[in-house]
Amino acid sequence: QVQLVESGGGLVQAGGSLRLSCAASGNIFSINAMVWYRQAPGKQRELVAVINSGGTKNYADSVKGRFTISRDNAKNTVYLQMNSLKPEDTAVYFCNWVVVGVAYWGQGTQVTVSS
């Protein structure tokens, strides 16, 4: 089992920045990918950024150039640095780790961007 705990969400004005963290504990080995998703009210959950075991990163078009995903293997933590935030970035952000083909989810952290 893998447990994920997100932190770092909050309220920020448009143009501001936040850094989300997702710390993992438990049986962490053979990590396939670490992913950030978000879900806005009334919308489907969407992939925001992913970093795979080889370190390759991919981003949703809507966040390219503004968000950066990174990881600290020693701390079993993945981060999402969010800059130039927009009101449309408002959502609950979830981290998702795929470990040996099994997907684990965090509880989510709210990000609210005011205009």
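The values are calculated or read from the model by the stated rules, or taken from the named source; none is laboratory data. On a predicted model such as this, the values are computed, not experimentally measured, just so you know. Note that we place each Cβ from the backbone using ideal geometry, even for glycine, and neighbour counts take in every protein chain shown. Ligands, DNA and RNA are excluded from the accessible area calculation, which covers all protein heavy atoms including side chains. Shrake-Rupley method; radii C 1.70, N 1.55, O 1.52, S 1.80 Å.
Which of the residues that make up segment 106-115 are touching a Phe, Trp or Tyr at 6+ places or on another chain (Cβ under 6 Å) and either among the hydrophobic types (A, V, I, L, M, F, W, C) or surrounded by 19 or more Cβ atoms within 10 Å (Cβ to Cβ) (or both)?
Matches in segment 106-115: GLY106, THR109, VAL111.
Filter segment 70-110 for residues that are β-branched (Val, Ile, Thr) and either more than 15 Å from the chain's Cα centre (by Cα) or part of a helix (DSSP H, G or I) (or both) and give the result.
Result: VAL99, VAL100, VAL102.
Looking at segment 56-67, can you tell me whether even one residue there is modelled with pLDDT under 95 and either buried (at least 18 other Cβ atoms within 10 Å of the Cβ) or closer than 18 Å to GLN13 by Cβ (or both)?
Scanning segment 56-67 turns up no residue that is modelled with pLDDT under 95 and either buried (at least 18 other Cβ atoms within 10 Å of the Cβ) or closer than 18 Å to GLN13 by Cβ (or both).
Please pick out the residue among ASN76, ASN27, ASN32, ASN52 that is buried (at least 17 other Cβ atoms within 10 Å of the Cβ), modelled with pLDDT under 95 and of a type in the set (S, T, N, Q).
Answer to the selection: ASN76.
Do we find that ASN96 is buried (at least 18 other Cβ atoms within 10 Å of the Cβ) and touching a residue at least 60 places away in the same chain (Cβ under 8 Å) in this structure? Give the steps one after another, and end with the answer.
Numbers: buried (at least 18 other Cβ atoms within 10 Å of the Cβ): yes; touching a residue at least 60 places away in the same chain (Cβ under 8 Å): yes.
Answer is yes for this residue.
Quick one: in segment 1-23, of everything that is modelled with pLDDT of 95 or more and outside any strand (DSSP E or B), which residue is least open to solvent (accessible area, probe 1.4 Å)?
Among residues in segment 1-23 that are modelled with pLDDT of 95 or more and outside any strand (DSSP E or B), the one least open to solvent (accessible area, probe 1.4 Å) is GLY16.
Would you check which residues across segment 24-48 are touching a residue at least 40 places away in the same chain (Cβ under 8 Å), more than 14 Å from THR68 (Cα to Cα) and in a strand (DSSP E or B) and list them?
Once the filter is applied, which keeps residues that are touching a residue at least 40 places away in the same chain (Cβ under 8 Å), more than 14 Å from THR68 (Cα to Cα) and in a strand (DSSP E or B), segment 24-48 yields ALA24, SER25, ILE31, ASN32, ALA33, ARG38, GLN39.
Just checking, how many residues over segment 34-74 are polar (S, T, N, Q) and over 17 Å from TYR93 (Cβ atoms)? Show your work before the answer.
Step one: list which residues in segment 34-74 are polar (S, T, N, Q), which gives 39, 44, 52-53, 56, 58, 62, 68, 70, 73.
Remaining after also requiring over 17 Å from TYR93 (Cβ atoms): 52-53, 56, 73.
Total satisfying the criteria: 4.
Among all residue pairs at least 6 apart or on different chains, which show Cβ distances below 6 Å where the first residue, located in segment 60-75, is farther than 19 Å from GLN3 by Cα and the second is among the β-branched types (Val, Ile, Thr)?
From segment 60-75, the pairs are ALA60/VAL48; VAL63/VAL48; ILE69/ILE51.
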